[in-house]
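Working notes, beginning with the structure itself.
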Amino acid sequence: MMFFKIPFAYFLILFFVSVQFASCQTTKEVTVGAYYFDGWTGKTMHASARLKEDFPERKPIWGWVTSTPEVLEEQMRLASEAGIDFFNFCWYYNPRETRSSVGNDSKNNALKIFRDVDNRYDMNYTIMVTNHIGYKLKKKDWPLLVKRWVELMSDDFYMQSDLGKPLLSFFSLKSLYDTFETTEAIKKAFSLLRSEAIKSGFNGVEISVCDAGTPEMIKKAELCGVNYITGYNHQKFGFEYSKKRIESIERMAAKEQKLWSLKSKLTSLKQIPTVTLNWDPRPMQKHSGAKIFSGFSAKSVKKAVLATRVWVDTHKESVSKKKLIMLYAWNEYAEGAWLTPSEVLGTTLLDGLKEGLNTPIK
């Protein structure tokens, strides 16, 4: 048993939530993933002075450094007991680094710990390749990256799709076009990924992309051989056609469901619906003009998760057999979407998730 120093009051919080969860195990019918962003090693700028000073409700009970074996093991326990089945780790490859250091970005630290701990509390994982601006993949590095991804997929606790194939997500299909330039080149790259996985004993790989939100990008996803369309978050749709700087989080939930329904009419590709729990990136802004949502709470988490279950139940043809859904996010503190316990909010957000997963669908 490993111990770490946190105030005694926090142990009481964790003990209470453990007893509460153990007495009412989830009976959910969906498979729940949560995006995990590891900007909390103390080695990046994400825990900014503004975040620390102006947003105390976001501070994890363990402090702002959560990327340690002891803390991650606690996070896995809490996530599992709340009904989360897997973490979808934001995975970084910095093309400016040497090729021998592939996957060694500090923001992959929590994933390394996850793979090494003794007790994962039945949690699985997958990765979402964060190939956005600053981390766009280089074509010449693709074979090296494929080798690394297939190595991760070989973990017994790596998340697999309906067909027993490992699931791999990309933040941006558009960025893959910047890397490979043509649809045929992307198809060839995906073919190499799948063939290497088959050589390692898998049936292939199921690929999802997070930015197929328009008819144009959906069509490109189809042509490239993508299996699933999903999202990291859909916050821009929550502000669509709105001139307000502050919108209700309930508007986000309603717009998200409309987006999923629109996609189901535009394509036969399966979806992995993403629940945008909140969006409030003020800690990252030099000014206070960012568009944000208001009303993020246990109640809003419960309503959004329950509504997603209802949508999945009425659109079975549009989702995977496992009924995969994603939560944005487990720990995006700087962007205002998180579920981890805090000194200010306690475990209320996890309580809301639990209720959202267990409330019977009418």
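What are the residues in the range 29-41 that are modelled with pLDDT of 95 or more and either touching a His at 6+ places or on another chain (Cβ under 9 Å) or in a loop (DSSP other than H, G, I, E, B) (or both), if any?
V30, F37, D38, G39, W40, T41
Hey, can you tell me all the residues within the range 269-292 that are within 22 Å of A49 (Cα to Cα), open to solvent by less than 40 Å² (accessible area, probe 1.4 Å) and outside any helix (DSSP H, G or I)?
N278, W279, D280, P281, A290, I292
Would it be correct to say that K52 is farther than 23 Å from M159 by Cα, basic (K, R) and part of a helix (DSSP H, G or I)?
Yes: the conditions hold for K52.
Kindly indicate the residue of the range 118-131 that is closer than 25 Å to K199 by Cα and touching a Leu at 6+ places or on another chain (Cβ under 9 Å) and also surrounded by the most Cβ atoms within 10 Å (Cβ to Cβ) among those meeting that condition.
By that ranking, first place goes to I127.
Checking K316 against (1) among the charged types (D, E, K, R); (2) under 22 Å from G33 (Cβ atoms); (3) in contact (Cβ under 8 Å) with a residue 24 or more places away in the chain, which single condition isn't satisfied?
With (1) among the charged types (D, E, K, R); (2) under 22 Å from G33 (Cβ atoms); (3) in contact (Cβ under 8 Å) with a residue 24 or more places away in the chain applied to K316, the lone miss is (3).
Considering every residue within the range 89-101, establish whether at least one is in contact (Cβ under 8 Å) with a residue 24 or more places away in the chain and farther than 22 Å from L193 by Cα.
no
Considering the range 315-339 alone, what residues qualify as being part of a strand (DSSP E or B) and either farther than 17 Å from W260 by Cα or under 13 Å from the mean Cα position of the chain (by Cα) (or both)?
L324, I325, M326, L327, Y328, N331, E332, A337, W338
I'd like the full set of residues that are closer than 24 Å to V205 by Cα and open to solvent by 30 Å² or more (accessible area, probe 1.4 Å), limited to the range 241-268.
Once the filter is applied, which keeps residues that are closer than 24 Å to V205 by Cα and open to solvent by 30 Å² or more (accessible area, probe 1.4 Å), the range 241-268 yields S264, L266, S268.
Between F171, F190, which is farther than 23 Å from I84 by Cβ and of a type in the set (F, W, Y)?
Being farther than 23 Å from I84 by Cβ and of a type in the set (F, W, Y) holds for just one of F171, F190, which is F190.
Residue-wise test of (1) within 29 Å of S268 (Cβ to Cβ); (2) of a type in the set (D, E, K, R); (3) open to solvent by 10 Å² or more (accessible area, probe 1.4 Å).
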{"site": "E317", "(1), (2), (3)": "yes, yes, yes"}
{"site": "K323", "(1), (2), (3)": "yes, yes, yes"}
{"site": "E335", "(1), (2), (3)": "no, yes, yes"}
{"site": "T348", "(1), (2), (3)": "no, no, yes"}
{"site": "N358", "(1), (2), (3)": "no, no, yes"}
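Kindly evaluate G134 against the criterion of being part of a loop (DSSP other than H, G, I, E, B), of a type outside the set (D, E, K, R) and open to solvent by 10 Å² or more (accessible area, probe 1.4 Å).
Judged against the criteria, G134 is a match.
The conditions are (1) open to solvent by 10 Å² or more (accessible area, probe 1.4 Å); (2) under 25 Å from Y36 (Cβ atoms), and P166 fails exactly one of them. Which is it?
Result: P166 fails condition (1) only.
Looking at R115, R50, which is the one that is open to solvent by 40 Å² or more (accessible area, probe 1.4 Å), modelled with pLDDT of 90 or more, under 20 Å from the mean Cα position of the chain (by Cα) and more than 14 Å from T347 (Cβ to Cβ)?
R115
When residues of the range 78-103 are filtered for being at pLDDT 95 or above, open to solvent by 10 Å² or more (accessible area, probe 1.4 Å) and assigned to a helix (DSSP H, G or I), how many remain?
Residues that pass the stated criteria total 2.
Given the residues G238, G231, G204, which is the only one that is in contact with a Cys (Cβ under 6 Å, 6 or more places away or on another chain) and open to solvent by less than 20 Å² (accessible area, probe 1.4 Å)?
Only one candidate qualifies: G231.
Of all residues in the range 318-357, count the ones that are touching a Ser or Thr at 6+ places or on another chain (Cβ under 8 Å) and within 23 Å of D162 (Cα to Cα).
Total satisfying the criteria: 10.
T182 fails exactly one of the following numbered conditions: (1) open to solvent by 30 Å² or more (accessible area, probe 1.4 Å); (2) within 26 Å of I113 (Cβ to Cβ). What is the number of that condition?
(2)
Rundown of residues vs (1) polar (S, T, N, Q); (2) out of contact with any strand residue (DSSP E or B) (no Cβ under 8 Å at 6 or more places or on another chain), yes/no style:
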{"residue": "W260", "(1), (2)": "no, no"}
{"residue": "S268", "(1), (2)": "yes, yes"}
{"residue": "T276", "(1), (2)": "yes, no"}
{"residue": "M284", "(1), (2)": "no, yes"}
{"residue": "A307", "(1), (2)": "no, yes"}
{"residue": "K316", "(1), (2)": "no, yes"}
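The values are calculated or read from the model by the stated rules, or taken from the named source; none is laboratory data. Bear in mind that the values here come from a model prediction, so they are computed numbers and not experimental data. All Cβ positions, even for glycine, are placed from backbone atoms using ideal geometry, and neighbour counts span all protein chains on display. These area figures cover heavy atoms from the full protein model, side chains too; ligands, DNA and RNA do not enter into them. Shrake-Rupley method; radii C 1.70, N 1.55, O 1.52, S 1.80 Å.
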